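Participant: If you scroll down you'll find the structure; I have some questions about it.
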Amino acid sequence: MTVYESDLPGVGKKYEIELEDGERLVVVTHNTGKREVFLKPEADADSDKLFELSDRLARTVGTILEGAYFQPVQTERVETLLTEGTYIEWYSVASDGELAGQTIGDARIREVTGVSIIAIQRDDEVITSPTPETRIEVGDTLVVVGDREDCREFEKLLGSSDER
């Protein structure tokens, strides 16, 4: 699969992705954040617009397609490789862990383990960009970013694995 990228002055960027059957998927990312998706039956043909997405919706659809939004395989720990050596991982907070009931700042998570908490899922709510004042509760799912060793250190603060 080949991806062609080109600048669209005053508009944004265009990406053409070669599909297996000779068709091309075309994604235009506007400077405003809007995305338009087209399908071309072949490289030199005109394209047909399939749909348009706002920036926010495009990012949500992108995380779903990437697998970061939902992992279809049941595992005890979910991880996504962000860049070489940097991971995003999801962890549940156990009742016997050191973190339950503490704020992020009081727990000094970044100083102690090296990871950063980038989101917290609590029941049906997702707390994006939690602050040092955000309290960690039993049952929360913490989304953290860090390297492999930092994530291992972080796991030690979570409590028993039978609650994860």
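The values are calculated or read from the model by the stated rules, or taken from the named source; none is laboratory data. Nothing here was measured: the structure is a model prediction, and the numbers come from that model. Methodologically, a virtual Cβ is constructed for each residue, glycine included, from the backbone with ideal geometry; neighbour enumeration extends over all protein chains shown.
Participant: Got a number for residues in the stretch 2-35 being over 18 Å from LEU50 (Cα atoms) and not polar (S, T, N, Q)?
Facilitator: Count: 10.
Participant: Please go through the stretch 25-47 and pick out each residue that is in a strand (DSSP E or B) and closer than 24 Å to THR60 by Cβ.
Facilitator: LEU25, VAL26, VAL27, VAL28, THR29, HIS30, ARG35, GLU36, VAL37, PHE38, LEU39
Participant: If LYS40 satisfies every condition in (1) over 25 Å from the mean Cα position of the chain (by Cα); (2) free of Cβ contacts under 8 Å to residues at least 24 places away in the same chain but one, which is the exception?
Facilitator: (2)
Participant: Keeping to the stretch 34-57, report how many residues are out of contact with any Leu (no Cβ under 7 Å at 6 or more places or on another chain) and aliphatic (A, V, I, L, M).
Facilitator: Summing the residues that are out of contact with any Leu (no Cβ under 7 Å at 6 or more places or on another chain) and aliphatic (A, V, I, L, M) in the stretch 34-57 gives 4.
Participant: Would you point out which residue out of ASP48, ASP44 is assigned by TED's automatic domain parsing to the domain that holds ARG59 and modelled with pLDDT under 90?
Facilitator: ASP44
Participant: Name the one entry in GLU16, GLU20 that is assigned by TED's automatic domain parsing to the domain that holds LEU57 and assigned to a strand (DSSP E or B).
Facilitator: When all the criteria are applied, what remains is GLU16.
Participant: So, restricting to strands (runs of 3 or more DSSP E) that lie completely within the stretch 51-164, which ones have at least 3 residues that are loosely packed, with under 14 Cβ neighbours inside 10 Å and either modelled with pLDDT of 90 or more or among the hydroxyl-bearing types (Ser, Thr, Tyr) (or both)?
Facilitator: Qualifying strands (runs of 3 or more DSSP E): none found.
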